[in-house]
Amino acid sequence: MKGVLYVISGPSGVGKTSIIELTLKKVKNLVFSVSCTTRPKRPNEVEGRDYFFVDIVKFRDMIERDEFLEWAVVHNHYYGTPRKFVEQEIEKGKSVLLDIDVQGAMSVMNKYKDAVYIFIAPPSFDVLKQRLINRGTESQENLQRRLEDAKRELSYIPNFEYIIVNTQLQESVDQLCSIIVAEQLKVKRIIDRLGLHRFFENGGENNE
């Protein structure tokens with residue numbers, strides 16, 4: 001029984017991290033794939049929990065060895081999803097959740113047609129801008145670049161299967177949990193995993 005790959009994407013500052021952290025606490029048999037990045041670690045981030053922080057030489061070496069499921073340059077830094085972890089967890093029957101940028105999501109779409117693609121959107125562009133300002137981690141130059149990137153990323157919404165507008169955190173978490181459960185109960189996935197025959201087992205026997 002293979003797991004399901006869930007790809008979460010959306011602009012920087014939309015609240016993906018908070019939604020994912022709470023969802024992982026509520027959904028069983030769901031694991032998070034930690035990405036590699038060359039960007040500097042922020043004060044509240046933990047190595048191996050938020051990202052694997054590597055230098056550019058190490059990252060390029062991993063590209064050469066085809067160790068990434070996908071990788072991209074975002075805001076002048078490299079980001080990539082380690083392939084081995086994702087594939088091993090899915091084969092073990094665990095569902096895997098990716099938090100990647102839109103560019104990376106488009107790349108995964110070309111390789112994994114059976115994955116589930118979910119876009120996290122802000123209630124409005126002004127709300128997104130204020131969230132980035134409140135985060136206090138960006139210079140004015142970086143803030144402007146992230147806002148320009150957000151406009152481009154929002155244009156990719158039609159490529160995704162689901163959209164969650166993150167107005168209220170708990171509501172967004174509930175919506176993501178609902179998507180995960182619904183996808184796991186799809187007839188196609190059940191038949192692919194268990195086979196149709198199990199529903200007819202012992203059908204002709206007397207159970208008295």
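The values are calculated or read from the model by the stated rules, or taken from the named source; none is laboratory data. Remember, it's a predicted structure, so these values are computed and weren't measured experimentally. Heads up, the Cβs are rebuilt from the backbone with ideal geometry, glycines too, and the neighbour counts pull from every protein chain shown.
Quick test of your reading of the structure: Ser35 fulfils all but one of (1) modelled with pLDDT of 95 or more; (2) buried (at least 19 other Cβ atoms within 10 Å of the Cβ). Name the failing condition by number.
So the condition that Ser35 fails would be (1).
How many of the residues in segment 134-161 are out of contact with any helix residue (DSSP H, G or I) (no Cβ under 7 Å at 6 or more places or on another chain) and either over 27 Å from Ala182 (Cβ atoms) or not polar (S, T, N, Q) (or both)?
19
Considering only segment 46-79, how many residues are small (Gly, Ala, Ser) and out of contact with any strand residue (DSSP E or B) (no Cβ under 9 Å at 6 or more places or on another chain)?
Applying the first criterion (small (Gly, Ala, Ser)) to segment 46-79 yields 48, 72.
Within this subset, residues satisfying the condition of being out of contact with any strand residue (DSSP E or B) (no Cβ under 9 Å at 6 or more places or on another chain) are 48.
Count: 1.
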